[in-house]
1. How many residues, within segment 71-94, are at pLDDT 95 or above, of a type in the set (D, E, K, R) and either within 11 Å of the ligand (Cβ to nearest atom) or touching a Gly at 6+ places or on another chain (Cβ under 8 Å) (or both)?
2. Go through Ser162, Ser166 for me and flag whichever is of a type in the set (S, T, N, Q) and in a strand (DSSP E or B).
3. Are there any strands (runs of 3 or more DSSP E) wholly within segment 10-102 with 1 or more residues that are without any contact (Cβ under 8 Å) to a residue 24 or more places away in the chain, and if so which?
4. For residues that are open to solvent by less than 30 Å² (accessible area, probe 1.4 Å) and among the acidic types (Asp, Glu), scanning just segment 228-269, find the one that is nearest to the chain's Cα centre (by Cα).
5. Looking only at residues that are open to solvent by 10 Å² or more (accessible area, probe 1.4 Å) and part of a loop (DSSP other than H, G, I, E, B) in segment 308-331, which one is nearest to the ligand (Cβ to nearest atom)?
6. Those residues that are of a type in the set (A, V, I, L, M, F, W, C) and open to solvent by 20 Å² or more (accessible area, probe 1.4 Å), I need them from segment 273-282; list them, please.
7. Pick from segment 343-362 the residues that are at pLDDT 95 or above and open to solvent by less than 50 Å² (accessible area, probe 1.4 Å): which of them is farthest from Val263 (Cα to Cα)?
8. If you scan segment 191-218, which residues turn out to be closer than 14 Å to Ala179 by Cβ and either acidic (Asp, Glu) or in contact with a Leu (Cβ under 7 Å, 6 or more places away or on another chain) (or both)?
Amino acid sequence: MNQRITVSKTTASRLDTVDFNRLGFGLQFSDHMFQMVYEDGRWHSPEIIPYQPIPHEPANTTLHYGQTVFEGLKAFYAKSGVNVFRPDKHATRLLNSCERMCIPVFEKEYFTEAIDLLVQIDYDWIPRQRGHALYIRPLIYSIGNFLGVKESDTYRFLIMTSPVASYYEEGLSPVKILATDKYVRAVKGGTGSAKTAGNYAASLYAAREAKKMGYTQVLWLDAIHHEYIEEVGTMNIFFLINDELVTPPLSGTILPGVTRDSVLTLGREWGMNVSEREISIKEVFAAAKDGTLQEMFGTGTAAVISPVGKLRYRDDEVIINNFEIGPVAQKFYDEITAIQYGEKEDAHGWIHHVEIASEVLA
Ligand code: COI
């Protein structure tokens, strides 16, 4: 890192406007944010400044063509400091998303150093309640002002943070999922494995239809055969069938989830029969009908582990595990959250612990 991050603190904290008993997800933003700009072929002027609106010209290229990438990771209140979960893995994924979207890469140290500073400066914004966290949202977007479809030569890198409760209203209760073969999320060769705005914008129409029918989210199928399972709206998806833990492989169309990776790692260590393989919607319904579909759950940073209690595809609908969280989903949730909150040993080096100065803790 060749430039130091400068810090300008707010003189008017908004902390006392936050009701920590009613956080919701991503609705309020901590006092400070990180920003850095790319111009003249280099990232420069990294700084922490008060969270604030940013003016943009109507011709801003992100608004028109969506040349932008983001990340989502979490920091947890832990004794004597803060535990940031797998920041290195998130930084790598952000760099991969940058590459796919033609955004110039940054030095990884900025990512971790900026997060360290933000969680120290906005330490009081980290929710104390078990199950809540400080959600960290890095965002990089083009700030060129022109209408031609081409790479921009100027970009802004922001990191904002938000105290959050569960992503779904359901919390750890099961969600209802609608599998669709009418719409697709991504196709091989597309941008499905990058964390970029367009993937999420493209999901909204199907999500709206699912909501109208009483479902929480959409389960995407592959774009060619409309048969193989990909992922759920904001999560990767797992099935427990006949004691085999199955999740679709990373074939370029789904997001390489960090929680997905953590579940795979733990499952293998626990001696489970773990497979990253293609799984069709037919196989899932056949397993549900013959009684071998034991559990289905989603994984994601925002949602952590989210059990699926009801699955619909065309005119067929099944209830999974009596619409209750299953023992395997519960075990993953308990293990991952215990590591995140520092209650269990971090045998994998997943926690980046940030000490907070004793005068702040006092
Ligand atoms: C996450 O799990 O962090 C996500 O990015 C999901 C989302 C809120 C877009």
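The values are calculated or read from the model by the stated rules, or taken from the named source; none is laboratory data. Please read all numbers here as calculations on a predicted model, not as lab measurements. Neighbour counts run over all protein chains shown; Cβ positions are idealised from the backbone, glycine included. Just the protein is used for accessible areas: all its heavy atoms, side chains included, with ligands, DNA and RNA removed. Shrake-Rupley method; radii C 1.70, N 1.55, O 1.52, S 1.80 Å.
1. 3
2. Details: Ser166 fails: in a strand (DSSP E or B).
Just a single option satisfies the conditions, and that option is Ser162.
3. Qualifying strands (runs of 3 or more DSSP E): 42-50.
4. If we take residues in segment 228-269 being open to solvent by less than 30 Å² (accessible area, probe 1.4 Å) and among the acidic types (Asp, Glu), then Glu231 is nearest to the chain's Cα centre (by Cα).
5. Within segment 308-331, the subset open to solvent by 10 Å² or more (accessible area, probe 1.4 Å) is 310, 312-319, 321-325, 327-328, 330-331.
Then keep just the ones that are part of a loop (DSSP other than H, G, I, E, B); that gives 314-315, 324-325.
Values: Arg314: 27, Asp315: 30, Glu324: 23, Ile325: 19 Å.
Filtering segment 308-331 for residues that are open to solvent by 10 Å² or more (accessible area, probe 1.4 Å) and part of a loop (DSSP other than H, G, I, E, B), the one nearest to the ligand (Cβ to nearest atom) comes out as Ile325.
6. Of the residues in segment 273-282, the ones of a type in the set (A, V, I, L, M, F, W, C) are 274, 279, 281.
Across segment 273-282, the qualifying residue is only Val274.
7. Going through the qualifying residues, I end up with Val354.
8. Across segment 191-218, the qualifying residues are Glu209, Ala210, Met213, Tyr215, Val218.
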